[in-house]
Amino acid sequence: MAEQPVESSMEKIVSLCKRRGFVFQSSEIYGGFNGFWDYGPYGIALKRAIERLWWNYMVESRNNVVGLDSTIICHPKTWKASGHVDRFGDIMCDCKVCKTRFRVDQMPDPATCTNCGSHDLTEPREFNLMMKTYVGPVFDEDHIAYLRAETCQPIFLDFHNIRIATRMQLPFGIAQVGKAFRNEITPRMFTFRSREFSQMEMEFFCADEGSMEWFEYWRDQRWNFYKLLNIDESKLRLAPHDKLAHYAKAAVDIEYQYPFGWGELEGIHHRGTWDMSQHQKFSEQPLEYLDQTTNTRFLPTVVETSVGLDRMTLAVLCNAYDEDRAPTQKEGMEDDVRIVLHFPASVAPVQVAFLPLSKKLNDNAQELQKKFIGRYRTELDVTGNIGKRYRRQDEIGTPFCVTFDFDSLEDNAVTVRERDTMKQDRVPVDGLKAYLDAKIFGE
Ligand code: ATP
């Protein structure tokens, strides 16, 4: 992949995302709303495909993990028990000169404003990140509720309901994908730090004995997952936490080297019995598990894998972005630049585009497309000359373009153009399914 200057490559990705309908600023006509992003047609297709891949890998392909879709707002005591209401805050300080606000743990040592270099900073202060709302008709202290700050807490609340309903025995996991909300003080780096985002979390419940082996198992499983997304391994690293929470036995992040630097993509945490014991205390309900083989009761130990879907989607976009330069033959003309997103076919928003060579062939191309709707994510692309359409499909990362031309009427064959090699194959229509299946599912 061609090397890109750091700043500009991020700007280029942001601009491509807007131009091609991946990600827009929320409420742009009102000037935008900091920390909130909308996914356009190609963005949501990409994000859903990544989510489906995660769900398949973590839930559907295993017998020991089941799913949950809980509410975003749950009993406010949940967040008292989890510690979010009292402690979930970043320590921040402001630069008195340029007014930029920083997280103290991300400042250089000695503390200096990374924007203007000033040492004139306010005292560090704590900011709570929970988003508050009111449930019911009265807007007072007694009716305060919170939008969940992470998707995992409701998993702990539903543990026994799920265990009883599914007859699962330890060890087993519960996974959930959904929105989380944090009133981030400094949303930044595009979707990397947003105020509304999606998480994909799995809590694995087990006995304390053997739990470190489960931690290592899930760390390795999660690392291997990124191979399915073709993420460049040199841009991934494991970062064990230096400081552990008092209840935690081990914690490691998977970081990705975004164009703006290394950033946390995913966390794998050994959380001990902390969560279950807190909810037991605050709910005053017995939350122990009865091990029928040994007839002992204990609180399950939890190993968690937690990743942001938006951060993963951004990593996939950054990893896929590339520019090919073909020198032009004409003197004084700039090089011809082809922007291309090298998505793996499994997550590409459009997997196969159907391109009639001429308007007169629109119906034929559409008829052909119909045979593949439901099998692949497809698009009928009819506007502009064929070269422009190929470029457009490259920019949205479509791995295969199928062109229906006048010869197709005679030879019942089409031209399949591959995004990465730009090679073109003449394929009989009758063999097109087998040809594309092998390329798309056989990866
Ligand atoms: P950070 O240190 O970057 O704030 P965190 O340690 O608070 O992250 P966790 O609470 O462990 O993050 O959340 C799990 C995952 O959720 C993170 O690894 C990240 O992918 C995602 N995530 C957390 N905060 C945000 C956010 N503001 N915007 C987008 N994704 C987020």
Per-region count, region 208-230, residues in contact with a strand residue (DSSP E or B) (Cβ under 6 Å, 6 or more places away or on another chain) and open to solvent by 20 Å² or more (accessible area, probe 1.4 Å): 3
Where Pro428 falls short, out of the listed (1) in contact with a strand residue (DSSP E or B) (Cβ under 6 Å, 6 or more places away or on another chain); (2) closer than 29 Å to Ile44 by Cα: (2)
Residue satisfying condition, being over 20 Å from the mean Cα position of the chain (by Cα) and assigned by TED's automatic domain parsing to the domain that holds Arg377, within set Leu299, Leu355, Leu287: Leu355
Of residues in region 136-162 being open to solvent by 60 Å² or more (accessible area, probe 1.4 Å) and modelled with pLDDT of 95 or more, the one farthest from the ligand (Cβ to nearest atom): Asn161
Yes/no for Ala149 being under 28 Å from the mean Cα position of the chain (by Cα), under 30 Å from Cys95 (Cα atoms) and assigned by TED's automatic domain parsing to the domain that holds Ser194: yes
Qualifying positions in region 91-103 - surrounded by 17 or more Cβ atoms within 10 Å (Cβ to Cβ) and without any contact (Cβ under 8 Å) to a residue 60 or more places away in the chain: Cys93, Asp94, Cys95
Unmet criterion (only one of (1) modelled with pLDDT of 85 or more; (2) open to solvent by 30 Å² or more (accessible area, probe 1.4 Å); (3) more than 16 Å from the ligand (Cβ to nearest atom)) for Asp109: (1)
Any chance Ala180 is part of a strand (DSSP E or B) and within 12 Å of the ligand (Cβ to nearest atom): yes
Residue in region 421-431 that is open to solvent by 30 Å² or more (accessible area, probe 1.4 Å), modelled with pLDDT of 95 or more and acidic (Asp, Glu) present: yes
Residue match in region 213-229 (condition: closer than 29 Å to Ile50 by Cβ, more than 12 Å from the ligand (Cβ to nearest atom), assigned to a loop (DSSP other than H, G, I, E, B) and at pLDDT 95 or above): yes
Hits in region 241-266 (condition: in a strand (DSSP E or B) and among the small types (Gly, Ala, Ser)): Ala250, Ala251, Gly261, Gly263
Residues of region 233-259 that turn out to be open to solvent by 60 Å² or more (accessible area, probe 1.4 Å) and either modelled with pLDDT of 95 or more or within 14 Å of the ligand (Cβ to nearest atom) (or both), as a count: 11
Matching residues, region 191-207, being assigned to a loop (DSSP other than H, G, I, E, B) and either near the ligand (Cβ under 10 Å from one of its atoms) or open to solvent by less than 20 Å² (accessible area, probe 1.4 Å) (or both): Thr191, Phe192, Ser194, Arg195
Filter result for the condition that a residue is out of contact with any helix residue (DSSP H, G or I) (no Cβ under 8 Å at 6 or more places or on another chain) and either of a type in the set (Asp, Glu) or more than 29 Å from Cys17 (Cα to Cα) (or both), over Glu410, Glu395: Glu410
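The values are calculated or read from the model by the stated rules, or taken from the named source; none is laboratory data. A quick note: this is a predicted structure, and the numbers were derived from the prediction, not measured. We place every Cβ from the backbone using ideal geometry, glycine too, and count neighbours over all the protein chains shown. For the accessible areas, the whole protein counts, side chains as well, though only heavy atoms, and no ligand, DNA or RNA atoms are used. Shrake-Rupley method; radii C 1.70, N 1.55, O 1.52, S 1.80 Å.
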